[in-house]
Every structure is written in structure tokens, then in C-alpha cells.
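Structure record follows, encoded as C-alpha cells.
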Amino acid sequence: MSIVMGLDLSLCATGLVAVDNNWRIVEQRLITSSSKEENTPRLTKIAISIGLSVGKIKPDLIMIEGPAFGILLSSFLQLY
């Protein structure tokens with residue numbers, strides 16, 4: 001059975017879904033964090049949550065949604 005995982009990355013609400021080759025949902029998660037948290041702990045929490053799901057599901061392919069175009073990227077740029 002092939003499993004594909006899709007990620008919609010965001011500091012506030014990261015979406016994760018994994019489906020099998022019959023389009024059945026194997027895993028579905030929403031990883032949330034507060035804008036009141038500092039960036040490093042927020043990113044660490046998101047990375048660990050994704051890593052745990054990847055380790056559990058062992059997807060054959062992981063797809064990541066590209067950045068949204070036409071929005072203000074000030075929050076993204078502040079991380080660098």
C-alpha cells in the first residue's frame with residue numbers, strides 16, 4: 001500500500017493529512033500554536049509533531065503546499 005502525506009505549513013495552524021492508494025485517510029492532524037509563543041519553540045513543536053507522524057505512518061511520498069502568492073510575507077521574513 002502506498003501512502004502519500006500532504007502538509008500545509010503555517011505557524012498558527014499546520015495541516016497534515018496522509019492517504020493510502022484508495023484515498024482513505026490514514027492520518028489527519030491540525031498542529032496549532034499561539035502567536036504569543038516565541039518562534040523557536042513554535043517551530044520545534046511543529047517539527048516534532050510532523051516528525052512523529054512521519055515516523056508512525058512512514059509515507060512513500062511527502063508533498064508540501066507552496067507559499068501563498070500575493071500575501072504579505074512580513075511574518076515569514078521576520079524569522080530570518
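We did not get these values from a lab; they are worked out from the coordinates using the rules stated. Everything numeric in this text was worked out from a predicted model, so none of it was measured. Cβ placement follows ideal geometry from the backbone for every residue including glycine, while neighbour counts extend to all protein chains displayed.
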- Query: For the range 3-78, what is the convex hull volume of the alpha-carbon atoms per residue, in Å³?
  - Reply: 93 Å³
- Would you pull out the residues with amide H under 5 Å of Ile3's amide H, same chain only if 5 or more places away, H placed 1.01 Å from N? Asp60, Leu61
- Once the other residues with Cβ under 13 Å from the Cβ of Val26 are scored (Lys, Arg +1; Asp, Glu -1), what is the net sum? +1
- Query: Which parts of the range 1-37 would a label at Leu52 reach, counting a residue when its backbone N lies under 13 Å from a point 7 Å out along Cα-to-Cβ?
  - Reply: 29-32
- Segment Asp20-Met63, extension gain: residue separation times 0.36 nm, minus the distance between their alpha carbons: 14.1 nm
